[in-house]
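Take a look at the structure below.
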Amino acid sequence: MAIKNFWSLEPGEAIFAEELHKKFKDKINVYFPLKDTGIDLLAVSRSSNKTVSFQVKESRYYEDKNTSWHQETKEKIQNNKNKVDFYVFLIYLPGHMAGTKKKSLFEKLFIIIPTRDLIERVKIKKTVKSGKYNKYSFYFRLQGESKKVIDVREIKNIQKRYPKLCNYSDYLDAWGLIGRKF
């Protein structure tokens, strides 16, 4: 059995778990699965024992850009459709772009999207062959002060034909979607 190395958790998973616990600390317990099955972490309601599962995707930091890049294989999204409740895309926004007083800090933004909604959105995306896997790429760009989030990976005519499917703004820091599950 392959066991996760708990001494070196993925930073994005740990950061999301910490933020999730802060938001719902009186309502949930957070757990990391021992075996890698496509679920990065579980939140369990203290009152009802309902579970909510998450897959976390983290982007690297892009200096002087309000952009993130995430990848997921087509196979994993399909395999996770009945076991992962939410995909979480973690974006690091440089301090000087986030308007923080300390320019060395990062603002952490979370795109929290139900897996069923993500499956609908990837129908318009093309995959890129990487090794033996077909991968979807997500290039999220934050636009303006309103922090509108657009997936700019798709070519302009796709964005024009399916503007709603390229717009992820409703999922930006959408902690309420998680709260409604408990």
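The values are calculated or read from the model by the stated rules, or taken from the named source; none is laboratory data. As the structure is a computational prediction, the values presented were derived from the model and not from experiment. Cβ coordinates were reconstructed from backbone atoms using ideal geometry, including for glycine residues, and neighbour counts include every protein chain displayed.
Of E72, E107, which residue is touching a Leu at 6+ places or on another chain (Cβ under 6 Å) and charged (D, E, K, R)?
It is E107.
Which members of region 114-154 meet the condition of being among the β-branched types (V, I, T) and within 18 Å of S68 (Cβ to Cβ)?
In the first step, residues of region 114-154 are kept if they are among the β-branched types (V, I, T); the result is 115, 119, 122, 124, 127-128, 149-150, 152.
The answer is V122, V128, V149, I150, V152.
Looking only at residues in region 160-175 that are assigned to a helix (DSSP H, G or I), under 17 Å from T115 (Cβ atoms) and not hydroxyl-bearing (S, T, Y), which one is modelled with the lowest pLDDT?
L165
For region 4-54, give me the residue count where each residue is without any contact (Cβ under 8 Å) to a residue 24 or more places away in the chain and in a strand (DSSP E or B).
Of the residues in that region, 6 qualify.
So, of the residues in region 113-159 that are among the small types (G, A, S) and in a strand (DSSP E or B), which turns out to be surrounded by the most Cβ atoms within 10 Å (Cβ to Cβ)?
Per the stated criteria, the residue is S137.
Here's the yes/no breakdown for (1) of a type outside the set (D, E); (2) in contact with a helix residue (DSSP H, G or I) (Cβ under 9 Å, 6 or more places away or on another chain); (3) modelled with pLDDT of 90 or more; (4) more than 23 Å from K132 (Cβ to Cβ):
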position	(1), (2), (3), (4)
F6	yes, no, no, yes
E19	no, yes, yes, yes
K27	yes, yes, yes, yes
S47	yes, no, yes, yes
V56	yes, yes, yes, yes
E72	no, yes, yes, no
F86	yes, yes, yes, yes
G95	yes, no, no, yes
F110	yes, yes, yes, yes
